[in-house]
């Protein structure tokens, strides 16, 4: 049985792991010293590029490349923004860092600021994490008191200020451009891209937006080196990954594994196996946005590329294990309903398409089974949404609902899922 590789989670194990003195005792802020005094901004970017670190929020875009897109000669301010919205259903891994190891994130943001030439950063925290809000503020205050934030950090001549912004609980604000609009005090709506945030972001200035886990990995990369980090995992999915595992398993929780070292089946076994008396239905490998996988897919290694080959995605790292106690029609309807409710309404395919799918699925659930005509209609709507939306919300809706309907079509049509 593969073992965990606790790289980020090693910072959450100690007593009072959230406190700055505990973090410093574990080597915290040494990477910042190295970045400030021994490395140029481009050196930092190149080290992150060597690591082949890909974004841990869902899209999986190369982090170093994103940083390198920021104009070097821009005369005005630049910003580093942490996406701590974590609104993807089934996802709860970032809160482990936010609550138990906030200084790992803070250090990563300061290093990112040095790399792109930004002197200001924001942590955009989802409203449902209001219980973490004060802890983040306390951690930032500790960092100021120790000289790791503010003017002339550690005498290096580099300035960096950091703030926490509490969102209003909108799923759409997990999309980076909607997040930026919300941060500016506007309604959170996705922007048409290009231009991308690296050129036109917060307040129209160059901005890097990264997920919590992504930024928390940066101090480790600077400390141990990009080549060392890229030696972990696979060629396309380097390093470790935090996995939030939930559902019909005996030991749900947040685990950390080297990418490619464990399959979906082995992960379920590592988490104690299926609950007593439960029968496996399927596994959602990356939050509700990721298409469901069936039992024949369980021997797939947990990497971005291997799960993509199965027609799904690792996404936010939320592994949701479902058993037969789940009513499939209710699950499909609720999934469609979620996306319809959270749609910002800016683009027609998402606004009307998700609502239309939901109306059909509400009627189907009342009836207790689907017909061939229902399946054809859902697939028709899926095709009208696919590739036509401002952001990934509509795309996620059509992928997820389409996968449920088509992978379980035989059961749905033959009345096997008829409600009691």
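The values are calculated or read from the model by the stated rules, or taken from the named source; none is laboratory data. Every value quoted in this text rests on a predicted model; they were computed, and no experiment measured them. When we count neighbours, we look across all protein chains shown, and the Cβ atoms used for this are built from the backbone with ideal geometry, even at glycine.
For region 32-57, what are the residues that are closer than 16 Å to residue 216 by Cα and not in a helix (DSSP H, G or I)? Across region 32-57, the qualifying residues are 52, 53, 54, 55, 56, 57.
Of all residues in region 192-202, none are touching a residue at least 40 places away in the same chain (Cβ under 8 Å), under 30 Å from residue 7 (Cα atoms), touching a strand residue (DSSP E or B) at 6+ places or on another chain (Cβ under 8 Å) and in a strand (DSSP E or B).
Annotation note: Cβ proximity below 7 Å between a residue of region 107-133 that is more than 13 Å from residue 210 (Cα to Cα) and not assigned by TED's automatic domain parsing to the domain that holds residue 82 and a residue that is surrounded by fewer than 24 Cβ atoms within 10 Å (Cβ to Cβ) and at pLDDT below 95 (sequence gap 6+ or interchain) occurs for no pair. Could you list, in sequence order, the residues of region 104-118 that are assigned to a helix (DSSP H, G or I) and over 20 Å from the mean Cα position of the chain (by Cα)? Hits for region 104-118 are 110, 111, 113, 114, 115, 116. Once region 239-262 is narrowed to residues that are without any contact (Cβ under 8 Å) to a residue 40 or more places away in the chain and over 20 Å from the mean Cα position of the chain (by Cα), the residue that is surrounded by the fewest Cβ atoms within 10 Å (Cβ to Cβ) is 251. Among the residues of region 288-303, those that are closer than 20 Å to residue 238 by Cβ and either crowded, with 20+ Cβ neighbours inside 10 Å or assigned by TED's automatic domain parsing to the domain that holds residue 407 (or both) comprise 302, 303.
Residues checked against (1) in contact (Cβ under 8 Å) with a residue 60 or more places away in the chain; (2) in a loop (DSSP other than H, G, I, E, B); (3) on the phi > 0 side of the Ramachandran plot; (4) assigned by TED's automatic domain parsing to the domain that holds residue 60:
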residue: 272; (1), (2), (3), (4): no, yes, yes, no
residue: 281; (1), (2), (3), (4): no, no, no, no
residue: 286; (1), (2), (3), (4): yes, yes, no, no
residue: 305; (1), (2), (3), (4): yes, no, no, no
residue: 312; (1), (2), (3), (4): yes, yes, no, no
residue: 316; (1), (2), (3), (4): yes, yes, no, no
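Considering the conditions (1) assigned to a loop (DSSP other than H, G, I, E, B); (2) modelled with pLDDT of 95 or more, residue 60 is excluded by exactly one of them, (2). Would you say residue 275 is surrounded by fewer than 17 Cβ atoms within 10 Å (Cβ to Cβ), over 18 Å from the mean Cα position of the chain (by Cα), farther than 26 Å from residue 56 by Cα and modelled with pLDDT of 95 or more? When the stated conditions are applied, residue 275 passes them. Within region 378-393, residues that are assigned by TED's automatic domain parsing to the domain that holds residue 404 sit with their Cβ atoms under 8 Å from residues that are at pLDDT below 90 and in a loop (DSSP other than H, G, I, E, B), at 6+ positions apart or across chains, in these pairs: 390/192; 392/58; 392/59. Of all residues in region 318-352, those that are in a helix (DSSP H, G or I) and out of contact with any strand residue (DSSP E or B) (no Cβ under 8 Å at 6 or more places or on another chain) total 18. Note on region 327-341: among residues that are buried (at least 17 other Cβ atoms within 10 Å of the Cβ) and in contact (Cβ under 8 Å) with a residue 60 or more places away in the chain, the one that is nearest to residue 390 (Cα to Cα) is 339.
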